[in-house]
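Bear in mind that the values in this text are calculations on the coordinates, not laboratory data. Just so it is clear, the structure is predicted and the values come from calculations on it, not from any experiment. Neighbour counts run over all protein chains shown; Cβ positions are idealised from the backbone, glycine included.
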Amino acid sequence: MDGRVIAAESKPWQNPSAQPFISLRGVTKRFGNFTAVSEVDLDIYRSELFCLLGESGCGKSTLLRMLAGFELPTTGSIRIDGEDMARVPPDRRPTNMMFQSYALFPHMTVEKNVAYGLLREGLKKSQAYERARDMLRMVKLEKLARRKPDQLSGGQRQRVALARSLVKHPKLLLLDEPLGALDKKLREETQFELIKIQETLGVTFIVVTHDQDEAMTLATRIGVMKDGVIEQIGEPREIYETPRSRFVADFIGTVNLFGGKVDVAAPDMMRLDLHELGPVLVPPQTGLTHGQTIWGAVRPERFSLSRARPENTQNAWEGVVEEMGYIGHMSQYRIRLANGVLIRVSQSNRLRDEDPISWDENVWVSFNPAAFRVLTE
């Protein structure tokens with residue numbers, strides 16, 4: 001799974017002296033006896049495109065609404081650009097929010113939709129429409145300024161809503177499932193347009209989504225949420241390659257998870273006894289002791305697949321190809337081991353004339369020890 005790559009010099013979260021633009025401390029939101037968000041600490045930096053990722057009902061939209069001021073924290077504090085938001089109403093916050101429904105006025109033209117908020121604030125009509133036209137050029141819709149929303153495609157309506165959200169020059173734009181109504185191909189195209197617009201304007205974006213691929217493509221960093229708690233915060237590559245829990249490993253992309261115990265924990269190696277695979281050799285990891293319960297995560301693309309037993313590795317198992325799927329650049333396999341365990345493997349289709357492994361073949365699956373991620377929770 002590809003993730004957005006961020007230049008090293010533009011990672012303020014790695015600089016201890018950098019001041020966060022948004023700071024949440026101990027933020028909790030309860031609705032009666034139900035806790036929607038629990039003790040969230042989070043720092044987001046200026047000009048980030050930060051994604052809150054999680055399943056429906058995990059608390060990500062509630063967190064977004066608290067930033068917007070539509071909900072107030074039960075406990076905890078929210079600061080934006082150094083200012084405590086506790087007593088700041090939604091219309092006085094340096095934020096704007098873009099909803100999944102887009103909420104465009106059907107009787108107004110595109111241009112009037114974009115200018116509406118400026119006119120409500122009392123800006124002169126000429127200035128409001130000039131700024132609206134500038135923003136429509138930014139989202140490449142200047143030629144459609146006179147159309148009504150029902151004359152636009154889904155992607156065009158999405159860009160009108162984005163232009164309307166940005167025309168007031170908010171310091172922070174909150175986007176709740178902004179691409180959810182688009183079809184797959186259009187959603188993928190729009191993701192890169194959204195990144196380009198955000199980088200051009202330098203506005204801080206916080207995007208709520210349940211789509212892992214969308215978060216990986218868009219985000220400078222991702223906060224993975226579960227049951228009102230942020231399980232892990234990190235750059236896309238970090239979240240994918242070094243998950244801290246079984247939930248994060250399983251939620252982001254596809255993974256093979258194995259349970260077991262630490263058998264030998266030596267300075268130069270570690271041997272695990274896995275329920276599904278038996279003995280496995282992996283690099284040493286600090287903090288683990290003999291007999292400790294662990295789980296192991298291996299991404300499908302980290303497994304190697306061959307017809308002959310691989311040399312120079314003990315981490316190899318024989319099985320049969322039970323299922324396979326060809327998806328152009330990659331083939332996906334389900335390998336049934338002799339003990340009945342099912343392993344998911346994916347391989348890049350690099351060569352057109354290769355002799356691909358197919359159904360019902362006897363094969364060997366193996367992995368490099370460095371591909372194995374040991375998890376303790």
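Sorting 11-22, 158-169 by average packing, meaning the other beta carbons within 10 Å per residue, from highest down gives 158-169, 11-22. For segment 254-375, the antiparallel share of DSSP beta bridges with both residues in that region comes to about 100%. Taking 0.36 nm per residue of separation and subtracting the current Cα-Cα distance, fully stretching the chain between residue 87 and residue 186 would add 31.6 nm. Restricting the calculation to Cα atoms, segment 254-375 yields a radius of gyration followed by a Dmax of 15.1, 48 Å. The alpha carbon gyration tensor of segment 124-180 gives principal lengths a ≥ b ≥ c with a/c of 1.5 or higher and a/b no greater than b/c, which makes the shape oblate.
Taking every alpha-carbon pair within segment 81-200, the share separated by more than 16 Å comes to 61 percent. Reported to the nearest whole Å, the Cα centre-to-centre distance from segment 326-377 to segment 73-115 is 47. When you filter the GluC sites (Glu not before Pro) in segment 97-197 for DSSP loop state and at most 15 other Cβ atoms inside 10 Å of their Cβ, you are left with 121. Each Lys or Arg adds one and each Asp or Glu takes one away; over the other residues whose Cβ falls under 9 Å from the Cβ of residue 25, this sums to 0. Segment 148-205 and segment 223-288 have their alpha-carbon centroids 36 Å apart. Sorting 217-230, 359-372 by average packing, meaning the other beta carbons within 10 Å per residue, from highest down gives 217-230, 359-372. Would you please give the FRET efficiency between residue 264 and residue 330, computed as 1/(1 + (r/R0)^6) with r the Cβ-Cβ distance and R0 = 35 Å, to the nearest 0.05? Efficiency, rounded to the nearest 0.05: 0.50.
Summary value for segment 1-160: 17 percent relative contact order, contacts being C-alpha pairs under 8 angstrom separated by 6+ residues. Hydrophobic long helices, here whole DSSP H runs in the chain with Kyte-Doolittle means of at least 0.5 and Cα atoms spread over 15 Å or more along the helix axis, are not found.
Can you tell me which lysines have their Cα less than 30 Å from the Cα of residue 124? Leave out same-chain residues fewer than eight positions away. Result set, ordered by chain and number: 112, 140, 143, 148, 168, 171, 196.
In the chain, helices alone account for a calculated mean residue ellipticity at 222 nm of -6500 deg cm²/dmol, with every DSSP H run of four or more residues adding -39,500 (n - 2.57). Here the contact order of segment 220-297, divided by its residue count and restricted to Cα pairs under 8 Å and six or more residues apart, works out to 23 percent.
Segment residue 288..residue 254, full-extension length gain: 9.7 nm, with 0.36 nm per residue of separation and the alpha-carbon distance subtracted. Secondary structure note: in the chain, about 75% of the DSSP beta bridges are antiparallel.
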